[in-house]
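Below is one structure, written out as structure tokens; comments come after it.
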Amino acid sequence: MFKRLFGQKPSEPVRTLAEVRNITVGRTVALDPLAWRRLGADTHFALDRDALEITAQGVVALDGGTFVHRFYTDDHVMLQAMSDDEAGQVAYDFTLFTPWSSAYPPDDRARRLWRDRLSEPVFKGAPEGLPEYPRFWFSEDDARQPPVTLWESIYDDRTATTPYAKIFQTCMLYARDLPDGRELMIALEQEPEGGDVSHEIMIGIPLEMAEFRA
């Protein structure tokens, strides 16, 4: 009562999601377009703007105490950071991804074939209009390697304490060297709790810390 009488402003909602270099749900991220324009015509990465409106945020807890923080726009552009803490204060290895293709497998056979593709040391992207991508994870091994599995919790409210979605993912990361940099590609199977399975491909680039800000 006394706070209201003397005009004290109500406190801001308590933030419960991580902030990585000031990035979280509801913030705008400014990008330096030179991060991808310098790759020229050699890259399949394309983005038509230099600002991202963050409307959702994901977190993945990996073994060993490492976290993956992901920030999404409404059209599924994804800014990703690794961190040694859940709060995102010790962040590194920044990458930016844009969607390339999305498909719904018609049956279990299609899912098995997709996972077989993700197990090979080189992803042959011809069916999706892409070149071949050498495996980035487990690149030191030319043998078949099972893809990585993980759970991602997705939030769309900065003060949320429980996720609005949880997605089981089976994925593999690839990279190919270009004359002026490196292009990344992640291929994954997404299986949301209570939702339909989909097969996704995203094209990405590494980001230096000077190339983005919120």
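Readers should treat all values here as calculations from the given coordinates under stated rules, not as data from a laboratory. All values derive from a computational prediction rather than experimental measurement. Note that each Cβ is placed from the backbone with ideal geometry, even for glycine, and that neighbours are counted across all protein chains shown.
Would you work out if the chain is rounded, prolate or oblate? Take a ≥ b ≥ c from the square roots of the eigenvalues of the alpha-carbon gyration tensor; rounded if a/c is under 1.5, else prolate when a/b is larger than b/c, oblate otherwise. Taking the square roots of the gyration eigenvalues as a ≥ b ≥ c, the chain is prolate. Under 5 Å from the amide H of Phe123 lie the amide H atoms of Tyr133, Arg135, each residue being 5 or more positions distant or on a separate chain, with H modelled from the backbone and absent for Pro and chain starts.
Sorting 127-136, 178-187 by average packing, meaning the other beta carbons within 10 Å per residue, from highest down gives 178-187, 127-136. Over the chain, DSSP H runs of length four or greater, each weighted -39,500 (n - 2.57), average out per residue to a 222 nm ellipticity of -2500 deg cm²/dmol.
For region 120-214, the Kirkwood estimate of the hydrodynamic radius, built from every pair of different alpha carbons, is 15.5 Å. Size descriptors for region 126-175 (Cα atoms only): Rg and Dmax, in that order, 15.9, 45 Å. Fully extending the segment from Val90 to Arg144, taken as 0.36 nm per residue of separation minus the present Cα-Cα distance, adds 16.1 nm.
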